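Visitor: Questions regarding the structure given below will be posed in turn.
Where a number appears in this text, it was derived from the coordinates with a stated rule and is not lab data. What you see is a predicted model; the values in this text were computed from it and never measured. Quick reminder, even Gly has a Cβ in these numbers, built from the backbone with ideal geometry, and neighbours come from all protein chains shown.
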Amino acid sequence: MANSIKKDGAIPVANLEGVDIDTIAIRAGIHRTHELEHSEAIFPTSSFVFNNAAEAAARFSGESKGNIYSRFTNPTVQMFEERIAAMEGGERAVATASGMAAILSTCVALLKQGDNVVCSRSVFGTTNVFFEKYMAKFGVTTTFVDLTDFAQWQEAVGQNTRLLFLETPSNPVCEIGDIKALSELAHRHDALLVVDNCFCTPALQRPLLLGADIVVHSATKYLDGQGRCVGGVVVGSNVLMEDVYGFLRSAGPTMSPFNAWVFLKGLETLCLRMKAHSESALAIAEWLDSKDSVESVFYTGLKTHPQYELARQQQNGFGGVLSFRIKGGKDEAWKFIDGLQFISITANLGDTKSTITHPATTTHGRLSDEAKARSGITDNLIRISVGLESVEDIKKDLQLGFMSAGLA
Ligand SMILES: *Cc1c(COP(=O)(O)O)cnc(C)c1O
C-alpha cells in the first residue's frame, strides 16, 4: 500500500488495490495545482480558457482532453467524483445537483419509451412521484413491489423491464433488500439493478461489489453529513456513466464546485461518522425497545429484526436511522415530537444533529391511505435520524417526548 501513495499524498485512483476505504475517503482523487495546496482547491469558474483557436477546436471536438465549461466538467467536481467512485468500487461517478437529479439522470439516460421499471414500494416519496407522474408521461411504466418479497420482483420483471430500483435499508421502516439476489434476477432479464445507497453510504455497504450495476446517492444526507448542501451522484461502469454524463452535459443538472468541495470534506470523516451514528442508533433502538410506551422499534441492528442476518451479510454497520411506533396514534406522536427540547423537527437526515419526523403527515403525506398501510406508515410511527450528540442527552430529550405524550 505504501507504494500506491504518491509523494504528494494523493492516491492515484487507478491504483487502489489493498487500500482501505478509510484511507480512500481521505486520499483518493486529489489533484493539486502548481501552488501545492494541501486541502483540495475550489474552482469557482464557469468556463476555462484556451491558449489559441486551434486548442479550443481540439477541446470541443474531443481530440484533446481538458476542461471547457463547468456544466461539462470542473476540477473540484471531478475530485469528488473520483473519490466517491473509488469508495463505492465503481469505475466512474457523475455528480449531480441533487439526489433527485441523480435519479433523473440515470433514468433519462438509460430508459426509452416503452421500457418498464420495477421499483420497491418503499422508496423515497419523491422517487415515487418521479416515476409515477413524470416517467409515465414519457411512456416509461413502473411496477411497484414489496422490497422484501422476492416472488413479487420475479413476477413483475417482464420483457420490457430495463431497470430494477430499490433503497436498502428502506425509509422509514428499515426493511432490507437482498442486493445479490436482485442483481442476479435483473441480469437474467438483461436489466440493470440500481441501488439508492443513501442510508448506508459506501462506508457501510457497497452495492456494486454485491452485483448492483448502478449506485445513486443523495449527497445531501450522510456524504455531507452536516446538513449544508444539496447534491447527488451516480456511480457505475464507464459505459453506463458515459450515457449518464452525456445526459447531464446536455440537460444541465450538474453539481456546483462549492458543493463538491463541501462533499469532499464530508467524505473525509464519513467512515468515522457512520461508525458513530451506527453505535448511537443501536443504543437508542435498544433503549426504545425496552419501553412499555413503545409498540415496536424498526432498526436493522436489533437481533429481533426479521432481516438482521441479511443486514449483517451485506452491510458492515446498521446506520443511523430508526423508527418506532409509540403507544397511541397521531396525537401521541405529535405531542412526543413537540415535547422535545433539542432534537430538530426537520425533513433532513444524516446530519450530526439528531432529527425527527412524523412520516405519515410529512415525507409520506402524499401517499394514499392504502399505500401508507402497505409501507407500514401508521399514524403512530416516528422516524429518528440519530445524530452525534451524546447518547445520554438524546435519551433525556426523548424522555421529555414521552412525558409530553403522557406516556412516561
Ligand atoms: C433525500 C433522498 C433523496 C433525494 O435527494 P435530494 O438530494 O433531496 O434530491 C433520494 N433518496 C433518498 C433515500 C433520500 O433520502
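Visitor: Most fluctuating residue of GLU332, GLU155, GLU392 in a GNM of the chain with Cα springs under 10 Å: which is it?
Guide: It is GLU155.
Visitor: Regarding the range 271-404, what's the average projected area of the Cα-atom convex hull, expressed in nm²?
Guide: Numbers: hull surface 31.6 nm².
Taking the Cα atoms of the range 271-404, their convex hull projects to 7.9 nm² on average.
Visitor: Quick one: Cα centre-to-centre distance for the range 223-252 and the range 110-146, in angstrom?
Guide: After rounding, the separation between the Cα centres reads 19 Å.
Visitor: Obtain the radius of gyration and the Kirkwood radius of the range 89-175 from its C-alpha atoms and give Rg over Rh. Let's see the in-between values first.
Guide: Details: Rg = 13.1 Å, Rh = 13.6 Å.
Reported Rg/Rh, Kirkwood definition of Rh: 0.96.
Visitor: Work through the residues other than ARG249 whose Cβ is under 13 Å from its Cβ and net out their charges, Lys, Arg +1 and Asp, Glu -1. Working shown, then result.
Guide: Working: positive: ARG71; negative: GLU242, ASP243.
Within the 13 Å Cβ shell, the charges total -1.
Visitor: Where does the chain land at 222 nm, in deg cm²/dmol rounded to the nearest 500, when only DSSP H runs of n ≥ 4 count, each adding -39500 (n - 2.57), divided by all residues?
Guide: Working: 15 runs with 150 residues, N = 408.
About -11000 deg cm²/dmol.
Visitor: Moving on. Within the range 159-263, which GluC sites (Glu not before Pro) sit in a loop by DSSP and count at most 15 neighbouring Cβ atoms inside 10 Å? Numbers along the way, then the final one.
Guide: Working: sites: GLU167, GLU175, GLU184, GLU242; in loops: GLU175.
Hits after loop and neighbour filter: nothing returned.
Visitor: Between VAL239 and ALA151, what length comes free when the chain is fully extended (0.36 nm per residue of separation minus the Cα-Cα distance, one decimal in nm)? It would help to have the intermediate numbers written out before the result.
Guide: Numbers: separation 88, 0.36 × 88 = 31.68 nm, distance 3.07 nm.
So the extension gain works out to 28.6 nm.
Visitor: A further question follows. For SER61 and ASP369, calculate 0.36 nm times their separation in residues minus their Cα-Cα distance, and state this gained length in nm to one decimal. Could the numbers behind the result be given before it?
Guide: Numbers: separation 308, 0.36 × 308 = 110.88 nm, distance 5.39 nm.
That pair, SER61 and ASP369, stretches by 105.5 nm at full extension.
Visitor: Just the Cα atoms of the range 149-308: what Rg and Dmax do they give in Å?
Guide: Cα radius of gyration and Dmax of the range 149-308 are 17.8, 56 Å respectively.
Visitor: Let me ask another. In the Gaussian network model of the chain, springs joining C-alpha atoms below 10 Å, which of ALA151, ALA85, ALA311 carries the largest mean-square fluctuation?
Guide: Top of the fluctuation ranking is ALA151.
Visitor: Restricting to bridges with both residues inside the chain, how much of the DSSP beta-bridge set is antiparallel, in percent to the nearest 5?
Guide: Working: 22 of 42 bridges.
Counting only bridges with both partners in the chain, antiparallel ones make up about 50 percent.
Visitor: Quick one: helix 75-88 against the long Cα principal axis of the chain, what's the angle to the nearest 10°, folded into 0 to 90?
Guide: Between the helix axis and the principal axis of the chain, the angle is about 60 degrees.
Visitor: Report, to the nearest 10°, how far helix 99-110 tilts away from the longest principal axis of the Cα atoms in the chain, using its own Cα long axis and a range of 0 to 90°.
Guide: Long axis of 99-110 versus the principal axis of the chain: about 60 degrees.
Visitor: Further question on the same structure: Would you kindly calculate the translational diffusion coefficient of the chain, applying Stokes-Einstein with the Kirkwood radius from alpha carbon pairs, for 20 °C and a viscosity of 1.002 mPa s, and quote it in µm² s⁻¹ without decimals? Kindly include the intermediate steps, with their values, before the conclusion.
Guide: Numbers: Rh = 22.1 Å.
The Stokes-Einstein estimate is 97 µm²/s.
Visitor: Please pull out the direction-averaged projected area of the range 12-165, using the convex hull of its alpha-carbon atoms, in nm² to one decimal place.
Guide: 13.2
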